[in-house]
Each structure stands twice: as structure tokens, then as C-alpha cells.
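The values are calculated or read from the model by the stated rules, or taken from the named source; none is laboratory data. These figures come from a predicted structure and were not determined experimentally. Here the Cβ positions follow ideal geometry from the backbone for every residue, glycine too, while neighbour counts run over all protein chains shown. These area figures cover heavy atoms from the full protein model, side chains too; ligands, DNA and RNA do not enter into them. Shrake-Rupley method; radii C 1.70, N 1.55, O 1.52, S 1.80 Å.
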Amino acid sequence: MLSYIIRRIFHAVLVVFAISIIVFFSIRLTGDPVAVMFSAGEPTQEAIDQLTEELGLDKPLYVQYGVFMKGLLTFDLGESFRSGIPVMTLILERVWPTFVLALGGIFVALLIAFPVGIISAVKRDTFLDFGGRVFSLIGISFPNFWLGFMLILIFAVNLQWLPASGFEGFSYLILPSITLGLILSGVLARLVRSSMLEVLNQQYIRTAKSKGISKWKVILKHAFRNALLPTVTFIGLQFGALLGGTVIVEQVFSWPGIGRLIIDAINQRDYPVVQGGIVFLALVMVVVNLLVDLSYSLIDPRIKAGKGK
Amino acid sequence: MKKMKHWLLLCVASVVLVLSACSGSDSGSQDENAEGNKENPAANRGNEIVIGIPSEPQNWDPIDTFLLDWSTVATSVFEGLIDRDVNLELQPGLAESWEYLDDKTLQFKLRQDVVFHNGEPFNADAVKFTFDRLLGEQGQAGPQYSNYNSIDSVEVNDEYTVTFHLNTVDPVLLTKLASYGAVIVPPQYIQENGEEHFDNNPVGTGPFKMTGYKRDQEIVLEKNEDYWKEGLPKLDKVTFKVIPEASTRLAELQTGTIDIMKRVEVAQAETVNSTNYLNLLEVPTPTAFALRFDTAVKPLDDVRVRQAINYAIDRDALIEEILSGYGVPIATFQSELSFGYNPDLKPYPYDPEKAKQLLEEAGVEEGTTIDVVIPGNDGNFKEITQAVAFYLEQVGIKLNIQTADVTTLNSDLIPNGNAGGMYRQGWGGWTLDFDNTAYLMYHSGEFWNPSFMDEDVERLLEEQRNSVDQEERAAIFTELTEKLYELAPEVNLYAAVDLYAANERVVDFQPPHDDRLRLEEVSVQ
């Protein structure tokens, strides 16, 4: 187990390293941040040179990358070109809102997907199952931003039940969480349905039923627990997509999270913030995946990590 | 089982609700607004207003920024020696008066009864400190420096008199001093608390002081009780809420969470108009939009081709159909608000026959294709370009429309001459003097001018810069605009009209031409 963890951590470091290279060099292909900063003024070449030097952009790329890597190792991601604020501060300010939103999204997704998936599986090929599958399909095909605006129109503008944007309390979390969760729930419900079906056909379920245990008890206690495993994995793997989803949802609901930070930074060519933000997200992804793999072996003792391969 | 059924019903019901709401959402909400006089949801807010803005500048040091978003908020916090009122007229600000002692020496008499928000006095030392900082090491690292480097030094004559010594004649300096890079900052406060603290906790002399700032969320301003203008400001509090999406901003306006919305989109004007407690406000801006030519690209190196393309396009129809009339046709790359505007020049008339004839003279073959690059995120302009493509097809030119990220377009493709034969350029002309636009766009070797060059234009550009006599400069600009009109280095389309929306409870709010909200006279019902 220990060697497995160590090996996975090594992989994680490698992945983050690779991403840092990709991000670092690709953003530098998209235009000069100094030109962007001067875009409304009347810059003299002298001023442009001076700022370029100040920001360290006059140095060769590999030197700049070295500075970035050195900073990364000491958790110093540099300062924002635009505001002069340390990137670490900017990220830490926004980790919490994004985390809360992602959690809210997962919660809503589970809340919807489990009942829909289970009922679909149990009532296979009935009208209910059909309804459940249509629901999944709708969930999968909804574009995030559109759904977000619709929810705002209905629940904030017309019904006036919930706030439309910002992050000032629990009520502000509801609409963005539903937006994020509905979309995730579509895929998730399908997954729950298929893994439930698989489990329901197993010998031991039939045995349990024949023993006279009530139907729903069998379904929830025996079948559901076994069907949980692929779901957990899926949520873990889906975490990246979830963070991608939060970027859009954050924009729609003026949510002060990391996604908006990165979007703004990309528009401003604020290299340190883009680099720091994306590497941070990559790190989160890698860590979550690691945790998923580890929890996998905890939920299902048959799977001993790293064995038999 | 029964419970399950209930749950399911609820679930299905909510899906149906979402779907049904979606299908007729637009018409639905409009009908409701049109039929019913809804109650104003913001009616009980008290003596304060909330303003929805798309973004904020992230820091408040005036020498670090060039963003209109900065000025939208900070115009209420900081003041300069010279002020520009909501009608863009220059008027005394922190300086009561000024005079040119000679072409390169400018003297200011300062107002005596002014204190900064932290209580420290405004005086000649504060002015000197501000400009030493702007022109010194600190300022040189920022984008504002180059706007003011005609100032050689600032001399303190007595507590309320300062003299600016210039190293060159600068006819646009007074205009620039009324712009936001030159606002006066408090020396003691900055020296004691440091630059970083000042970034997030700005202190000025303006009608409101900043008392709260949550990055990317909101900015809170409160009344400056010691403001030097008698009886002003009228409001106790102004909150700016950062809401990037226009649709969400409009939703917040409809629900009464905000009172004033900045950047209303053309498509939203109807909804605002049909809501009984909202007012739509429109204001012309100095921002001009054009499809500019890269004159190094064939066949656009031929002036006849450039003129032909100008004749081929029906500007008025574009503005009417696509912008719902919210745009002002222009003949040169500036709006009528800028000094140097030539009212005698009319935009090229729509004359496809003349266009065809010119193209034939220039030997341009039918079906010649021109690459055009526009920003990918500007839906309105995309439609405009498609309409332009339609007009050009009528005279035998095909447009190949490509999109690019707006930052890449402006900072990389245009300066390097890689933006095809035509590209979109929008220009704010922040000094409200054609010099800023014309020099950067037409002087050879400038950043945003990849290829255009004309001897006469070069000469006129230099001449107007060497005079502080505004009449003389106006005459030069008349000649320059005529010359440019003839050379057609771009298809000038329109000057933008900004749309604001305000709750009817807001009184005396005048939308600004230049994004700088002036709120001291604003009150509420």
C-alpha cells in the first residue's frame, strides 16, 4: 500500500510538472502582456522596455521558467502583473467559494441521480425508467450557462425566491449548485442505473430476495451499496469536469471563485495568475484522483491497490 | 413506496417547470412586464444606491491603471487638478485656476479648503508628491507614466501655488491632467502605510470615501462629510457590485438588487423599456469602431480599392438594423465628442455603382478575397461584419471572416501586421483630442499602425503637436481629417452609444460619455 501511495505521489508530481510546462509556454504564445497593459495609453518604447524588464519578460524563456519553477517549489507563485498582489493570496481568497460550489454541485447531483438511477433500474423498461432516461439525456445536453440564466429568470426575477448572483450566504448557493448539479446528475443517474442493473442480476440478490427480505431493503442495503463503487470513482474522475463547469457557473452567478480569477487573468495576459491558477487546479485534480483511488480500495476490499498487476 | 412516488412526482414537476419556463422565457417575462405595473422592488433601500458593473480593476493606485473600470468607481474617490464634468467640459478641480507662463511653464493656484479622507491637508506638497511619484521610479513601471512625461518637474512656490516645468510643448497636457492617471494622492498616508496598503485602501479628496472592498465582489463608498463642495454629495452610500454577465446584471436590476446597471446590451433595451420602474439611458461615447485596412496587403495598397469598399457599405442600415440605432455614423476615426472632429465631413455615401467602378479602375478581379479578423467575443460586431461581407459581395469582393481573441488581436496580430487585410479596431480616444488617436493610428512606426504611411499626414501630425494654440491645432486637424478621409485607411463605421439602465428611484443620474460615473449630485426618491 505504501509503495503504491509513493508511486502515485510521484506520478502526481510528474503530471503537475508537465502541466506547468504546457501552461507556461502556451500562454506566452498569445501576445505580449505589456502591450495589453498599455493598450489605452500612448507608450514610448522606453516605457515598454522598462516594464518588460521589471516584469522579467526580457529574460530568455528558460530563465523565466526556472524562476517560475523555483517559486513553485517554495509555494511562491509570484505576483499578479495587474494588481501586484501575490498569486498565492489571490488563489487562497477564492479556494473556499469554488470548493463550496463544487460541493453544492455534487450534493445536488447525488440527490437527484441516486433516486432517479435506482428507480430507473428497479422499474426497468417501464414508463418510470423511460422518464428517468429522458431526464438523464436532458441533463447531459443542457449547456451550463443557459440553464443558469433560466434558473435566474424563474427563481430570481419572476418568483423572487432566491438571489441571482453573489456569495453572501446559503441562499446564494442554491441556484448555482442546481445548475452545476443538474448537469452532472444526468450522467450520474445513467451510471447509477446501469450499475444497479448489473448488481440486481447477481446471484446474491436473488438469494436475499428468496429469503424473504423486503424488496426495497434488498435494493438499498445490498444492491445500492455495491453500485456505489463506480459512482464514487466517477465523481472523482468527474471532478475536473466539475471544476470546468464551475468556471462557467461562476461567471453566470458572479461567484468569486478560482474560475473567474483565471478567466480574468487570461484576458489580461496576467501570466503569473494564469500559471499559478491552472497549476493549482491541476494539483487539486491530481490529489482528488489519488484520494479516489485510495478510497476505492477501502470501499471494496476485493480491490487491493497495486496487487495482481 | 408511496413516499417514493411523491418524490418522483415532485421531481417530474420541477423538470416540467424548468422546461416550460425555458420554452417561452423571453416572451413570457416581457408580457408580464408589459401588462402589469409591478411594484418597484428597490423602493425601500434608503438614501443609498447600488450599481452593477461588469468588472473592477483589482487595485486602486491611479498610476497602475489604464482601465475604464477603474475610473467608473474611482472618479468618486479621487480628484485631479482639473476636472471634466459630465458633459466633458474642462473646469477647475483641485486647482482653482491655471495659466501658461510660457509655452513650457504652467502655473496652478490650488484650492485651500480641501482635506483628504484621512484628514491630511491637500496642498502644493501633495501635488508635488503626486507627480514625483508618477514620474519617478514607481510611476515609470506603470502604464500612466508615458502620458505625463512631458512634465519635467513640479516646483512648489508656496503652500497653494505650484509650477509645472515642461520639457516639450504639450498641447494635450491640460486634457490629460483632467484624466485619471493624474489624480492627487495623499503623501503622508502613502508614506506611512506603504504602496501595497494604498492599492487596496485608496484615499483621495473625492465626494465619497472607500470603506469596503472585496475583490471581484463589491466596493462600498460612503459619503465624505468634509467634501469641499457645499451640500454634496447627496447620497450616504454607494455600493458597486461586480457582475460580469450582462444577463445576470439585468436580472439583478429587475429584482431591485441594483439600482443602476452599466453596459446594457442592445438586445436588452426592450426588456428595460418594458419594465415600468426602470429607465433606459443612452449616451454617445468617444469610442469609435472601424474596420481598418492593412495597407501593405494587396489590393488594399491601392487607395481606390479602399475608397470603393467605403462606398460599398450602407452604414446607416448597419446601425439601424444591427445596433437598433444605438450608434452614430462617423466619417473619421473619432466621435463628435473629440477635439479635432470635422463636422463638415460626411461618411462615404452608400454607392455600390461607384464602388464597382473604382474597383474596375483599380483592376480588382471579381471574387477577390480579403481576410478580415474580428474579436470572437463581440456578437454585435460579428453581425456587422457579416453584413459588411454581404455588401462587399454585391460589388464582387469576398470577405473571409476570421475571429481571434480580442487581446491577441490587439496586442499581437494587429501590431505585427498579421490581422489579414482588414481588422476591427475600437478606439476610446480617452484624451478627447484627436491627437491621441491620430498619432497612434497614422504615424508611421507606431504600435497599432502596421503599414500606413503618408508624407502629408506625418507632417500634419507633428505640426499639431508643436502648438498649444487650439485654434491653430483645430485648423490642422481639419486639414488632417480631410486628407485621411481621402486616403481611407479604414472603413469608419460608428461611434458607440452606451446604454445604462436605472431604477426610477434614482434622481439626477446622468450617464457619462466616458465611463466615469459622477455621483455627487445623484439622489434618490
Q | Protein accessible area in chain B, 1.4 Å probe - carbon and sulfur % | A | 44 percent
Q: Report, by chain and number, residues whose modeled amide H sits under 5 Å from the one on residue B:368, excluding near sequence neighbours (fewer than 5 apart, same chain).
A: B:398
(Q) Which GluC sites (Glu not before Pro) in segment A:79-174 sit in a loop by DSSP (not H, G, I, E or B) and have at most 16 other Cβ atoms within 10 Å of their own Cβ? (A) A:168
Q. When chain A is treated as a GNM, springs tying every alpha-carbon pair under 10 Å, which of A:120, A:210, A:20 comes out with the largest mean-square fluctuation?
A. A:210
Q. Tilt of helix A:127-141 relative to the longest C-alpha principal axis of chain A, in degrees (0 to 90, nearest 10)?
A. 10 degrees
Q: Determine how large the accessible area of residue A:288 is when every protein chain is in place; take a 1.4 Å probe and give Å² rounded to the nearest 10.
A: 30 Å²
Q: Sort chain B into rounded, prolate or oblate with this rule: let a ≥ b ≥ c be the square roots of the eigenvalues of the Cα gyration tensor; rounded if a/c is under 1.5, and if a/c is not under 1.5, prolate when a/b is larger than b/c, oblate otherwise.
A: oblate
Q) With the other protein chains left in place, how much accessible area per residue, in square angstrom, belongs to segment A:127-179 at a 1.4 angstrom probe? A) 46 Å²
(Q) Only bridges whose two residues both fall in the protein assembly as shown count here: according to DSSP, what percent of them are antiparallel, nearest 5? (A) 75 percent
Q. P(r) for segment B:158-212: what percent of alpha-carbon pairs falls in each 5 Å bin, starting at zero?
A. 4, 14, 18, 22, 17, 15, 9, 2, 0
Q: Work out from phi, with θ = phi - 60° and the Karplus expression 6.51 cos²θ - 1.76 cosθ + 1.60, the ³J(HN,Hα) of each residue of segment A:226-239, listed in order in whole Hz, and give x for Gly and Pro.
A: 6, 7, 5, 3, x, 5, 4, 4, 4, 4, x, 5, 6, 4
Q: Could you list which residues have their amide H under 5 Å from that of residue A:79, counting only those 5 or more apart in sequence or on another chain, with H placed in the peptide plane?
A: A:87
Q | Theoretical FRET efficiency, 1/(1+(r/R0)^6), r = Cβ-Cβ of residue B:270 and residue B:91, R0 41 Å, to 0.05 | A | 0.65
Q. What's the lysine pair count for chain A at a Cα cut-off below 23 Å, pairs eight or more apart or interchain?
A. 9
Q) Add -39500 (n - 2.57) for each DSSP H run of 4 or more in chain A, then divide by its residues: what number comes out at 222 nm, to the nearest 500 deg cm²/dmol? A) -24000 deg cm²/dmol
Q | HN-Hα J in Hz across segment B:330-342 - Karplus 6.51, -1.76, 1.60, θ = phi - 60°, x for Gly and Pro | A | 10, 9, 10, 7, 6, 9, 5, 7, 8, 5, x, 5, 10
Q) When we measure straight from the Cα of residue B:241, which lysines land under 21 angstrom away, once same-chain ones fewer than 8 places off are left out? A) B:209, B:214, B:223, B:262
Q.
Return the equivalent ellipsoid semi-axes of chain A as a descending list in whole Å, where each equals the square root of 5 times an eigenvalue of the C-alpha gyration tensor.
A. 45, 26, 13
Q | Along chain A, longest interval not containing exposed chymotrypsin sites (Phe, Trp or Tyr not before Pro), exposed being DSSP loop plus at most 13 other Cβ atoms within 10 Å | A | A:171-309
Q: For residue B:96, list long-range residues whose amide hydrogen, built 1.01 Å from N in the peptide plane, is under 5 Å from its own amide hydrogen.
A: B:109, B:110, B:111
Q | Vicinal HN-Hα couplings computed from phi for segment B:497-506 (Karplus, 6.51 cos²θ - 1.76 cosθ + 1.60; Hz; Gly/Pro x) | A | 10, 8, 10, 10, 10, 9, 5, 5, 6, 7
Q. Got a number for the accessible area of residue B:99? Probe 1.4 Å, square angstrom, nearest 10.
A. 100 Å²
Q: Would you mind pulling out the separation of the Cα centroids of segment B:438-454 and segment B:125-178, in Å?
A: 27 Å
Q.
What Kirkwood Rh does segment A:17-164 have if only Cα atoms enter the pairwise 1/r average? Answer in Å.
A. 20.6 Å
Q) Local charge sum around residue A:87 (other residues, Cβ-Cβ under 10 Å, Lys/Arg +1, Asp/Glu -1)? A) -3
Q) residue B:382: accessible area at probe 1.4 Å, nearest 10 Å²? A) 80 Å²
Q: Taking a cut-off of 27 Å between Cα atoms, list the lysines near residue B:483, but don't count ones fewer than 8 places away on the same chain.
A: B:176, B:298, B:346, B:354, B:356
Q. So, counting K/R as plus one and D/E as minus one, what does the shell of residues with Cβ under 12 Å around residue A:129 add up to?
A. +4
**Q.** chain B - share of DSSP beta bridges that are antiparallel (%, nearest 5)
**A.** 75 percent
**Q.** Theoretical ellipticity at 222 nm over chain B - DSSP helices of four or more residues, -39500 (n - 2.57) apiece, nearest 500
**A.** -9500 deg cm²/dmol
Q. Given a cut-off of under 8 Å on Cα pairs at least six residues apart, what relative contact order in percent is computed for chain A?
A. 27 percent
Q) Rounded, prolate or oblate: which fits segment B:314-386, taking a ≥ b ≥ c as square roots of the Cα gyration tensor eigenvalues, rounded meaning a/c under 1.5, else prolate when a/b beats b/c? A) oblate
Q: With a point put 7 Å past each Cα toward its Cβ, work out how far residue A:138 is from residue A:75 in nm, to one decimal.
A: 4.6 nm
